[in-house]
Amino acid sequence: MAYQGFAQEYMGIPAVTRAYTTACVLTTAAVQLELITPFQLYFNPELIFRRFQVWRLITNFLFFGPLGFSFFFNMIFLYRYCRMLEEGSFRGRTADFVFMFLFGGFLMTLFGLFASLFFLGQAFTIMLVYVWSRRNPYIRMNFFGLLNFQAPFLPWVLMGFSLLLGNSIIIDLLGIAVGHIYYFLEDVFPNQPGGKKLLLTPGFLRMVFDTPEEDPNYNPLPEDQPETQPAAQQEEDQQHPQ
């Protein structure tokens, strides 16, 4: 019974959020069990392009460090804001959500080519937080019961928290920058005079992730209604007995 309840809750998580968080947890579990090592996961352009270890383009977004406070902190924020985006402004737009993942990952990878950044998962989380915060500007936030602020300040509060913990803020700044680029191109620029939508989700993503909408004007043929046809015929027979 408990397993069925857990499975039902798990399958109730939106598809993209479920897939990404599960991949992050399984990757960390594999490292903890010493099935793999972080050296097989980190972003290394030389190993990617010269030794064709292309999996590093993905795995560097999946590892958030060993089990500990930092890992759980990142997982909570990743799950929460990824799910709120998918169930909020991206509801019914799974292909657009996946495209945002690809766009953000592409920009972060480009930056990673010129900087010594080994894991980009935290930057990706900050990007999700930034996009959500800009689309929900009037929500009041509370950070550990210490700070009260509007949602758009949340990425900067998280960056300040990282600074207090002695971590580098380059990752946070990268996530904020990529998040702002996406937000500007998707939400701001198309609404400006002379602006237009530049981020167009490829058709193949829509074919894979978005279910086709039913045409409200479609009237199925009688032979396509096997359940209603016999009932209608039976009613007609009753009205006109032979």
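List of remarks:
- On the beta carbon distance between Ser89 and Ala23, with R0 = 25 Å, the FRET formula returns roughly 0.65.
- Simple Cβ-charge dipole of the range 33-166, Lys/Arg +1 and Asp/Glu -1, about Cα centre, in debye nearest 20: 240
- Between the range 71-122 and the range 172-203, the Cα center-to-center distance that results, in Å: 15
- Cβ-defined net charge surrounding Ile13, 15 Å radius [Lys, Arg +1; Asp, Glu -1]: +1
- Given charges at beta-carbon only (K, R positive; D, E negative), |dipole| of the chain in Debye: 1700
- Choice from Glu186, Glu46, Glu87 with maximal GNM fluctuation in the chain (Cα, 10 Å cutoff): Glu46
- Here the residues Leu154, Leu110, ranked from fewest to most Cβ neighbours within 10 Å of their Cβ, fall in the order Leu110, Leu154.
- Screening the chain for whole DSSP H helices of 18 Å or more along their axis (Cα) with average Kyte-Doolittle hydropathy at least -1.0 returns 15-32, 69-87, 94-112, 121-135, 170-183.
- Calculated FRET efficiency for the pair Phe204/Phe49, C-beta based, R₀ 30 Å, to 0.05: 0.75
- Stretchable slack from Phe149 to Ala115, in nm (0.36 nm times residue separation minus alpha-carbon distance): 9.0 nm
Here, each number is a calculation from the coordinates, and none is a lab measurement. None of the values given here were measured: they were computed from a predicted structure. Glycine gets a Cβ as well: all are built from the backbone with ideal geometry, and neighbour counts include every protein chain shown.
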